[in-house]
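The structure that follows is given in the form of structure tokens.
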Amino acid sequence: MTNEDALQWEARWARPAAVSAFLAGVLLLAGTFLLQSIFEDRKRLEGLPDFLVSVDASPGKLIGSQALLAASALFLIPVFFYLFSAIMHRTPLPRWFVWLVLIGPVFYAVSLVIGSIDRVDVAHQFVDRTATFGDCPGYFGKAGDECAKDLLAKDVSPISVGLSLAGSVATAFLFVMLPLRARRAGLLSQFMGILGVIAGALMVLRLMPLVPEVIQAFWLGAIGALYLGNWPGGRGPAWETGEPDPWPSAAQRRGQLPEDDAESAPTEPAEPEPTPQRPSSRKRRRKQR
């Protein structure tokens, strides 16, 4: 593919990729907030029993929230594929990366749907065994928490666990590696590259609730605006030239430091240093006489 063909392809598919980025961010936030609305924060209940009782009370909310998150994951495919193609045209990237772009989000989306069905089943068992059969001593305290953990350990599908692990790790890897490679190719600023790395790391670590989803949604909205060319100060020159031109710094954008200052400035030839004249020897002076 020639440089002109690649730039035409990017211009043709920029809008669909941007729309996918916006939809992925909106669906991610919608699914996350719908999931948070399930919790009723019942007193004297530990976190896990409270979650299972809440899911049993409104299973449709859990399935709906996971369906929204799964749709968000699927919309990541056009976003990542567009960025992957733009990087490949400017800098070398392993060919197998494209399979990770296509398969990773699919695995993650399928695991979310299967996992939600498993959670609804476990929640029903927890409430049923506690209220009807008495297998669990109750909802409250450590006894209820241990019973909920036992049910989850026994009834979770290994297929769901495997798909969730493979899909989440692959998707997080894409959030980390593609922004880093795009930054080297001049397609992303340093801020966008670092933000993508943070989003991918938090997707796996889950150190704080809601924070990973908010950061991912912000990054997706920003990358969508970048695809459309609506970026503060304009996009990097690599988007226009098709070459791995570095993203200009803030000082270069303000005109304080030209991009090719050292190369474009005319160089004046350096004046040779004056050489000290040596005094003529006595023999030479005698010959002159």
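The values are calculated or read from the model by the stated rules, or taken from the named source; none is laboratory data. Quick caveat, the model's predicted, so the values are computed rather than measured. Cβ: placed from backbone, ideal geometry, glycine included. Neighbour counts: every protein chain shown. Ligands, DNA and RNA are stripped out before the accessible areas are found, and what is left, the full protein with its side chains, is counted by its heavy atoms. Shrake-Rupley method; radii C 1.70, N 1.55, O 1.52, S 1.80 Å.
Among the residues of segment 94-103, are any open to solvent by 10 Å² or more (accessible area, probe 1.4 Å), charged (D, E, K, R), free of Cβ contacts under 8 Å to residues at least 40 places away in the same chain and not in a helix (DSSP H, G or I)?
yes
If you don't mind, there's one more thing I want to ask. Given the criteria among the small types (G, A, S) and under 19 Å from R184 (Cα atoms), does G234 qualify?
It is true that G234 is among the small types (G, A, S) and under 19 Å from R184 (Cα atoms).
Can you list residue pairs whose Cβ atoms sit under 8 Å apart, with the first residue in segment 180-197 being open to solvent by 70 Å² or more (accessible area, probe 1.4 Å) and the second being in a loop (DSSP other than H, G, I, E, B)? Count only pairs 6 or more apart in sequence or on different chains.
Pairs that qualify, where the first residue is open to solvent by 70 Å² or more (accessible area, probe 1.4 Å) and the partner is in a loop (DSSP other than H, G, I, E, B), are R183/S189; R183/W247; R184/T91; R184/P244; Q190/W247.
Residues in segment 145-158: is at least one at pLDDT 85 or above and open to solvent by 50 Å² or more (accessible area, probe 1.4 Å)?
Looking for residues that are at pLDDT 85 or above and open to solvent by 50 Å² or more (accessible area, probe 1.4 Å), one finds none in segment 145-158, hence no.
Please go through segment 15-29 and pick out each residue that is open to solvent by less than 70 Å² (accessible area, probe 1.4 Å) and more than 18 Å from the chain's Cα centre (by Cα).
Hit for segment 15-29 is P16, nothing else.
Take the residues in segment 104-115 that are surrounded by fewer than 22 Cβ atoms within 10 Å (Cβ to Cβ) and in contact with a helix residue (DSSP H, G or I) (Cβ under 6 Å, 6 or more places away or on another chain), then tell me which one is nearest to N3 (Cα to Cα).
Among residues in segment 104-115 that are surrounded by fewer than 22 Cβ atoms within 10 Å (Cβ to Cβ) and in contact with a helix residue (DSSP H, G or I) (Cβ under 6 Å, 6 or more places away or on another chain), the one nearest to N3 (Cα to Cα) is F107.
One line per residue, one yes/no per condition, for (1) assigned to a loop (DSSP other than H, G, I, E, B); (2) aliphatic (A, V, I, L, M):
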| site | (1), (2) |
| --- | --- |
| L76 | no, yes |
| F80 | no, no |
| M88 | no, yes |
| P92 | yes, no |
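Can you name the number of the only condition in (1) touching a Gly at 6+ places or on another chain (Cβ under 7 Å); (2) under 25 Å from N230 (Cβ atoms) that Y108 fails?
So the condition that Y108 fails would be (2).
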